[in-house]
Amino acid sequence: MAHAYTPGLSVTPTTLLRRTRRLPLRGQVLAAVGDAVEREQVVARTELPGSVSTVNVVNRLGITAEELPGFMLKAEGDPVNRGEPIAETRPFIKWFKTTVESPIDGTVDSISQVTGQVLLREPALPVEVRAYVDGQVVEVIENEGVVVETRGAFVQGIFGVGGERYGPLHMLAENPGEPLAADRIDDECSGRIVVVTGLLSYEAIDRAREAGAAGVIGGGIRDRDLRRLLGYDLGVAITGTEEIGLTVVVTEGFGEIAMAGRTFEILRDCHGRQASISGATQIRAGVMRPEIIVPDPTGPGEVEAGEGSRGGGMAQGDPLRIIRAPYFGRIGRVGELIPDLRAVESGASVRVLEVEFEDGSRAVVPRANVELIAG
């Protein structure tokens, strides 16, 4: 059978996943191999050094750098508060006294008799890494983090914004592609991950945010609604750090697109179950997909093999999604992997394949225009 490489999305009701939870710099690991962990449990902790402020004390006091220690009121390592004196002159007449005050809350980091400057450092910023999913620690990365293993449903999306969030899935449709009025999102959605099977409108996202939802999952989103949500054009970048009050995951693409049947069925079957979602997306080198993970410790599953169960391969009969016009967002299967190059509208000759859509119709498209749906 013909076989070819293509990128793909994982959409599966059960699999075994491993997620690496790593600190940005060395710190303390709080879990051991074999520990059962919950999604919001802190598994590693460190501190980021605070920002430094430079105070040119010698210029302010009119002294030399060598004289600086004699005029300091604070030593290295001492705590300081904003507005607190850190150095001063001691004139015979007190009205002529000059005082240098701290511009920040923090500590005295260093006092230099070479430059005459005093460095003040703001308090360290605590950084905590959470488990993200309910599972078991299978590896400890010394002083950096852990690898957590979990079993359950796994759905990768096309695009997302917002960081990692948690909550029970809350299905608001009975079929893929159902339109959703914003007024259907009520206070019952608070703390939950709302699943919309058609278009995610700005109004629906905003209402979910007002209701206190942890996240929203939908089939498609209009680019103008995304700009309105973020307040700027996103461009080609890494998402996942946006402070928008919730996480948004789009499973199919941009525009009014119904959620794929397989994705809908998996999420419908997980209604009410606790899930972990991440909107982090990178569409350049080192592709990163937004994801939905619904742990099920009792379910069967094999270890996830990257972006597709065939290790990136595609063969006849495999489910796929079209990711470029004119069939953007349509779901089908590989009908035939055509070996010969074909000319496309741009004039280039490229490798193509025949796609059989769900309604039985067929089309020949460039292989670069499709994405494997792995499960």
*How much of the accessible area of the chain, probe 1.4 Å, is carbon plus sulfur, in whole percent?*
47
*Burial order of peptide ranges 168-176, 343-351 (average beta-carbon count within 10 Å, highest first)*: 168-176, 343-351
*Quick one: what are the phi-derived ³J(HN,Hα) couplings along segment 276-282, Karplus 6.51/-1.76/1.60 with θ = phi - 60°, whole Hz, x for glycine and proline?*
10, 10, 9, x, 4, 9, 9
*Using 1/(1 + (r/R0)^6) with R0 = 35 angstrom and r between the beta carbons of PHE96 and THR54, what's the FRET efficiency to the nearest 0.05?*
0.85
*asked:* Given points 7 Å out from each Cα along the Cα-Cβ axis, report the LEU25 to ARG45 separation in nanometres with one decimal.
replied: 1.8
*Just in segment 208-259: which trypsin sites (Lys or Arg not before Pro) are loop by DSSP and have at most 10 other Cβ atoms within 10 Å?*
none
*Between ALA182 and ARG333, what is the FRET efficiency for a Förster distance of 30 Å, r being their Cβ-Cβ separation, to the nearest 0.05?*
0.25
*Once phi is turned into ³J(HN,Hα) by the Karplus curve 6.51 cos²θ - 1.76 cosθ + 1.60 with θ = phi - 60°, what whole-Hz value does each residue of segment 177-192 show in order, with x for glycine and proline?*
x, 5, x, 10, 7, 4, 6, 7, 8, 10, 5, 5, 7, 4, x, 10
*Accessible area per residue, 1.4 Å probe, Å², for the chain: what's the number?*
49
*Which ³J(HN,Hα) values, rounded to whole Hz and listed in residue order, are derived for segment 29-42 from phi using the Karplus coefficients 6.51, -1.76 and 1.60 in 6.51 cos²θ - 1.76 cosθ + 1.60 with θ = phi - 60°, glycine and proline given as x?*
8, 9, 9, 10, 4, x, 5, 7, 10, 9, 3, 9, 6, 6
*Under-5 Å amide H pairs with GLY145, H placed in peptide plane, nonlocal only*: LEU23
*So how much slack lies between GLU256 and GLN316, counting 0.36 nm per residue of separation and subtracting their Cα-Cα distance, in nm?*
18.7 nm
_Test item: Cα-centred dipole of segment 15-146, Lys/Arg +1 and Asp/Glu -1 on Cβ, debye_ = 240
*How far apart, in nm, are the 7 Å Cα→Cβ label points at ALA124 and GLU149?*
3.3
*asked:* Restricting to DSSP H runs of at least four residues, report the calculated mean residue ellipticity at 222 nm for the chain, -39500 (n - 2.57) per run over all residues, nearest 500 deg cm²/dmol.
replied: -2500 deg cm²/dmol
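The values are calculated or read from the model by the stated rules, or taken from the named source; none is laboratory data. Computed from a predicted structure; not experimentally measured. Heads up, the Cβs are rebuilt from the backbone with ideal geometry, glycines too, and the neighbour counts pull from every protein chain shown. In case anyone asks, the SASA skips ligands and DNA or RNA and just uses the protein heavy atoms, side chains included. Shrake-Rupley method; radii C 1.70, N 1.55, O 1.52, S 1.80 Å.
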